[in-house]
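Just so it is clear, none of the values below were taken in a lab; they were calculated from the coordinates. These numbers come from a predicted model, not from an experiment. All Cβ positions, glycine included, derive from the backbone under ideal geometry; neighbour counts span all protein chains shown.
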Amino acid sequence: MAVVIAVDGPAASGKGTLARRLAAELGYAYLDTGLLYRAVGLSLIRAGEYPGDAVAATVAVESLKVADMDFSDPTLRDEETGHAAGIVAANPAVREALIDLQRNFAAAPPNAALGAVLDGRDIGTVICPDADYKFFIDADIGIRAERRVKELQEKGDPSIPSRVLQDMKERDHRDRTRAVAPLAPAADASVIDTTNLNADAVFALAISFIR
Ligand code: DC
């Protein structure tokens, strides 16, 4: 059976950096599950639909072909897409439609990898409650917003820091309070607060739990 590592947490907490690094270190497959919600959000934007339109969102998720998805499309990672993703992620039908895909990835990782690292919001609680290792990565929201602004600046994406902070607060609130699969640490997750830790320190801590 493949080893499963769940890495959950809010935006810009450092969970993606940690998850990618764990996967590279251990030779496991990696899935950024936020990209699935982003892909649904982006297809609605491109179709000119409102992401909160439940019917349009259901159609979008049902026609999502992960095998054909271009995960390197930079539009998937921009703020507008992230905003739309937060809205579609609160739609129970969208979440339901993405469950099997994520569980199948964990159970049978691509390229015959011996394990899988999935990052998201509900991996340890809903998608893979029996994961071998669970991490919940968190940090102060001011620091997370600063990290996101820096990331956007590095991409040449002009951003207004106060808007990034405001949007992050709204998305956090939506993620934490939605009725289905809200963002929360699993009871058996190791919680790492990255407010005062750099990526190397977070990785060292997480790998020490695993080893
Ligand atoms: O991690 P991210 O910014 O790429 O996530 C985009 C949105 O999707 C965010 O609002 C949270 C949501 N999401 C989710 O609800 N469940 C996941 N497993 C991953 C992301």
> Between residue 112 and residue 47, what FRET efficiency comes out of the Förster formula 1/(1 + (r/R0)^6) with R0 = 35 Å and r the beta carbon distance, rounded to 0.05?
Replying inline: 0.45
> Kirkwood Rh, region 29-70, all Cα pairs: how many Å?
Replying inline: 10.6 Å
>> Once you place label points 7 Å from the Cα toward the Cβ at residue 100 and residue 132, how far apart are they in nm?
In response: 2.7 nm
>> How far apart, in nanometres, would the label points at residue 155 and residue 63 be if each is projected 7 angstrom from Cα along the Cα-to-Cβ direction?
In response: 2.5 nm
>> I'd like the distance separating the alpha-carbon centroids of region 1-62 and region 180-211, in whole Å.
In response: 18 Å
> Measuring from the lowest to the highest alpha carbon on each principal axis, how far does region 72-174 reach, largest first, in angstroms?
Replying inline: 42, 29, 26
> If each of residue 187 and residue 199 carries a label point 7 Å out from its Cα toward its Cβ, how far apart are those two points in nm?
Replying inline: 3.5 nm
> So if R0 is 22 Å, what FRET efficiency would residue 211 and residue 20 give, r being the distance between their Cβ atoms, rounded to the nearest 0.05?
Replying inline: 0.75
>> How large is log10 of I(q)/I(0) for the chain at q = 0.07, 0.08, 0.10, 0.12 Å⁻¹ when the intensity is taken from the Debye formula with one equal scatterer per alpha-carbon?
In response: -0.19, -0.25, -0.40, -0.59
>> Given the C-alpha atoms of region 44-114, compute the convex hull and give its volume per residue in Å³.
In response: 105 Å³
>> Please compute the length gained on full extension between residue 54 and residue 140, using 0.36 nm multiplied by the number of residues separating them and subtracting their Cα-Cα distance.
In response: 27.7 nm
> Based on DSSP H runs of at least 4 residues, each adding -39500 (n - 2.57), what is the mean residue ellipticity at 222 nm of the chain after dividing by all its residues, to the nearest 500 deg cm²/dmol?
Replying inline: -15500 deg cm²/dmol
>> Using 10 Å bins from zero, what percent of all Cα-Cα pairs in region 114-191 falls into each bin?
In response: 17, 38, 31, 13, 0
>> Need the full-extension length gain, residue 93 to residue 73, defined as separation in residues times 0.36 nm minus the C-alpha distance. One decimal, nm.
In response: 4.7 nm
>> I want to check a number: in the chain, how many lysine pairs have alpha carbons closer than 26 Å, given a sequence separation of 8 or more or different chains?
In response: 8
